[in-house]
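*Asks:* Quick one: the structure is below, and I'll ask about it shortly.
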Amino acid sequence: MLKRFFPDHYYETIYDIDLSHLKAGGVRGLILDLDNTIVARNSSTATEDLKHWLAKLKEHDIKACILSNNWKQRVSSIAAQVELPLVARAAKPRKGAFKRALDVLGTRKEETVVVGDQIFTDVFGGNITGLRTILVMPMSNHDGIHTKFLRHLERMIMKRWMRAHSS
Ligand SMILES: [Mg+2]
């Protein structure tokens, strides 16, 4: 039952993701969360590191789409800065949100991976939609009140995940 909340992989940041490994595993598309995954929640600028990483994705023939529950102007501004398609106001973890991103990418479920910093939206939603999932650590401590509460539960789940993956 807990498995629905388990990511397939867990990395500290997006920059630690092994892109060659993804490519070798048939991955052709990434669905990227925005806040605290590719930019800090309080930032309105795409960093050079992020742009460089997205260029590397392209080199690996991996497409990307931003999927965010956020609706603020800031989100579309960041998407424009990195020239990525954006699905905002997404209502993750609903399956419909991920299906919209799949439509934008034009990739199949089996070849698409969700990358995000939240278990209850990104990982759970990706898992129930039939996608592979990668959890990263949040880039900043700035969370909404709702998220702050969920972070406690996330830590409990990740303790179990660590135990399951340490043997
Ligand atoms: Mg996030």
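The values are calculated or read from the model by the stated rules, or taken from the named source; none is laboratory data. Note that this is a predicted model, so its numbers are computed, not measured. Glycine also receives a Cβ, built like all others from the backbone with ideal geometry; neighbour counts cover every protein chain displayed.
*Asks:* Within the group Arg28, Arg41, Arg4, Arg74, which residue is more than 13 Å from the chain's Cα centre (by Cα) and surrounded by fewer than 16 Cβ atoms within 10 Å (Cβ to Cβ)?
*Replies:* That would be Arg4, the only listed residue that is more than 13 Å from the chain's Cα centre (by Cα) and surrounded by fewer than 16 Cβ atoms within 10 Å (Cβ to Cβ).
*Asks:* Working only within the range 92-122, note down all residues that are more than 15 Å from Leu30 (Cα to Cα) and within 9 Å of the chain's Cα centre (by Cα).
*Replies:* Gln118
*Asks:* To continue, here is another question. Against the conditions (1) away from the ligand (no atom under 16 Å from the Cβ); (2) modelled with pLDDT of 95 or more; (3) more than 13 Å from the chain's Cα centre (by Cα), where does Ala88 fall short? Just the number, please.
*Replies:* Unmet for Ala88, out of (1) away from the ligand (no atom under 16 Å from the Cβ); (2) modelled with pLDDT of 95 or more; (3) more than 13 Å from the chain's Cα centre (by Cα): (1).
*Asks:* Looking for whichever is under 18 Å from Ala64 (Cα atoms), surrounded by fewer than 17 Cβ atoms within 10 Å (Cβ to Cβ) and either in contact with a helix residue (DSSP H, G or I) (Cβ under 9 Å, 6 or more places away or on another chain) or without any contact (Cβ under 8 Å) to a residue 12 or more places away in the chain (or both) here; the options are Gly130, Gly126. Which one fits?
*Replies:* Within the list Gly130, Gly126, the selection yields Gly130.
*Asks:* I'm trying to understand the selection: among the residues of the range 109-155, which are modelled with pLDDT of 95 or more and of a type in the set (Lys, Arg)?
*Replies:* Residues satisfying the conditions are Lys109, Arg132.
*Asks:* Out of all the residues in the range 109-148, which are of a type in the set (Phe, Trp, Tyr) and within 11 Å of the ligand (Cβ to nearest atom)?
*Replies:* Phe120
*Asks:* Is it fair to say Gly106 is modelled with pLDDT of 95 or more, over 26 Å from His60 (Cβ atoms) and away from the ligand (no atom under 14 Å from the Cβ)?
*Replies:* no
*Asks:* Write out, first by first residue and then by second, each pair whose Cβ atoms fall under 6 Å of each other, whose residues are 6+ apart or on separate chains, and whose first residue, in the range 106-117, is touching a residue at least 24 places away in the same chain (Cβ under 8 Å) while the second is part of a helix (DSSP H, G or I).
*Replies:* That search, which allows pairs on different chains as well, returns Val114/Asp122; Val114/Gly126; Gly116/Asp122.
*Asks:* Same structure again: Give the range 3-61 a look and list any residue that's among the small types (Gly, Ala, Ser) and more than 25 Å from Ala91 (Cα to Cα), or say none.
*Replies:* Ser20, Ala24, Gly25, Gly26, Ala55 - these are the residues of the range 3-61 that are among the small types (Gly, Ala, Ser) and more than 25 Å from Ala91 (Cα to Cα).
*Asks:* Among the residues of the range 9-41 satisfying the criterion of being assigned to a loop (DSSP other than H, G, I, E, B) and of a type in the set (Lys, Arg), which is farthest from the ligand (Cβ to nearest atom)?
*Replies:* Looking at the filtered set, the residue picked out is Arg28.
*Asks:* Six or more apart or on different chains, Cβ under 6 Å: which pairs go from a residue in the range 136-161 that's under 29 Å from Ala46 (Cβ atoms) to one that's aromatic (Phe, Trp, Tyr)? Could you list them?
*Replies:* Within 6 Å, the pairs are Val136/Tyr11; Leu150/Phe120.
*Asks:* Kindly list the number of the only condition in (1) farther than 21 Å from His9 by Cβ; (2) in contact with a Leu (Cβ under 7 Å, 6 or more places away or on another chain) that fails for Trp71.
*Replies:* For Trp71, the exception is condition (2).
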